[in-house]
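What follows is a short report on a single structure.
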Amino acid sequence: MKRLWILLIISLLASSFVIAQMPIENELYASVLSIEGKTHIERGEFIKEQLHKMGVGYVTAPFKNISRVKMDTIIIAGENIIVRLGQGTKRIVVGAHYDAFKDSPGANDNGSGVAVVLALIQHLQNMEWNYSVDFCFFDQEEANLMGSMYYINQFIIPQKHLAMINLDIEGTGDEVFIGPVGSNNRFLMRYIHEAAQKNGFPLVEHSEYPSSDYMSFAEYNLENISISIVPKGDGDRLSKYVHNGYKADSIDMPKVLGVMHTLYDRSSFIAPASLKMSYEFTNTLLMLLNESGK
Ligand SMILES: [Zn+2]
C-alpha cells in the first residue's frame, strides 16, 4: 500500500512537471489542435475537461432564445462557461467565444482565443488578484453575439465593471490589432500601450473593428477592447473592410478573411508564435491592470 502511494505521488509530480515544462506555444497549439473540427457540444465539453484537469471550478450558464420571424419560430440555445478568480469589488472580464461558424473547423475563429484564455487560467489561477476576474467562454457569438448578451444580462453590475478584454482571431501573423478605440476604452488604452511597449510588439489600433463579443459590452457603454493577432497590414485592411460595410470589393482583402468562416480554418494555418504573442500581450495587460488595483 505504501509503495502504491509513493508511485502515485511520483507520477503526479512527473505529470505536473511535464505541464510546467511544456513551452507555452506548444500548450496553446495543442488546445487549437484539440478543438478544431469538433461539434458545438464537443467544443464546450473540451473546455470543461481542461478546467477539470487544472482543478479549476467553473459555472455554466445555459440560455435559450426563442424568436419569431414571420411564421417561423427560431430557437437558439447555448451555454456560457465562466471561471471566476479573485475577490475584488471591481471586475475584469476576459472573453473568447467557443462556438464556430457553421461547418467551419473554427481553428483561428475562435479555437485560438479559447486556447489563450485556457492558458491564462492555467497560469494565473493562483495569482493574488486585486480584482475579481471572469474568464468567459461565450457561446453563440456567431448568432448575433447572443452568448455575451446573456452573460451581461445575468452577471454584469455596471458599477462594478472595470473592463472587458475580448480575444477573437489570435492565430496568424505578428501584429497586435486592437479596437475599436473610442469612448469605451478611455481607461484601458494606457495599459494597452504600456503592455505593447513592455513586450515590444507592433500595435495597430483603429476605431473601426470587426464584429465580435466586445460589441455587446459597447452596447451598454461598458469599458471594453478587442485584441487579435493578424498578419502584417491586416489591422489597416480589416478596419477599412469594416468601414466599407463588410464588403471586400475595391479594397485590399484582409488576409485573415481568406480562411475565416470557411472549411479551411484549420490548425495547419495557425502559427504557435502568434498564439504565444496573444498570450503574452494579454497576460502583461492583466498584470498591469491588476497592479492598478493595489
Ligand atoms: Zn470569431
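Over region 23-292, the alpha carbon radius of gyration divided by the compact-protein estimate 2.2 N^0.38 Å works out to 0.94.
Rounded, prolate or oblate: which one fits region 163-203, using the alpha carbon gyration tensor with axes a ≥ b ≥ c (rounded when a/c is under 1.5, else prolate when a/b beats b/c, else oblate)?
oblate
Taking Lys and Arg as +1 and Asp and Glu as -1, the other residues whose beta-carbon sits under 12 Å from that of ASP134 total +4. If you take the Cα centroid of region 221-271 and the Cα centroid of region 34-89, the two points sit 25 Å apart. Relative contact order, whole percent, for the chain stands at 22, derived from Cα pairs under 8 Å and 6 or more residues apart. Its residues counted as N, region 115-260 yields a C-alpha radius of gyration over 2.2 N^0.38 Å of 1.06.
Rounded to the nearest whole Hz, the Karplus-based 3J(HN,Hα) values (6.51 cos²θ - 1.76 cosθ + 1.60, θ = phi - 60°) of region 49-66 follow the sequence 4, 5, 5, 4, 4, 7, x, 9, x, 8, 10, 10, 10, x, 9, 9, 10, 10, with x at glycine and proline. Listed by chain and number, the aspartates and glutamates whose C-alpha is less than 14 Å from the C-alpha of LYS53, apart from same-chain residues fewer than 8 away, are GLU27, GLU45.
Count neighbours as other Cβ atoms within 10 Å of each site's Cβ, and list the trypsin sites (Lys or Arg not before Pro) in region 23-90 that are DSSP loop with at most 12 such neighbours. Write down the numbers at each step before the final one.
Details: sites: LYS38, ARG43, LYS48, LYS53, LYS64, ARG68, LYS70, ARG84, LYS90; in loops: LYS38, LYS70, LYS90.
Taking region 23-90 and a limit of 12 other Cβ atoms within 10 Å, the loop trypsin sites (Lys or Arg not before Pro) found are LYS70.
Counting only residues at least eight positions apart within a chain, or on another chain, the aspartates and glutamates with an alpha carbon under 15 Å from that of LYS102 are GLU36, GLU42, ASP139, GLU141, GLU142, ASP265. The count of lysine pairs in region 192-272 with alpha-carbon distances below 19 Å, taking only pairs 8 or more places apart or on different chains, stands at 4.
Between MET253 and LYS64, the distance separating the two model label sites (each 7 Å from Cα on the Cα→Cβ line) works out to 4.2 nm.
All of the numbers you see were taken from the coordinates with simple rules; none came from a lab. Keep in mind it's a predicted model, so treat the numbers as computed, not measured. Heads up, the Cβs are rebuilt from the backbone with ideal geometry, glycines too, and the neighbour counts pull from every protein chain shown.
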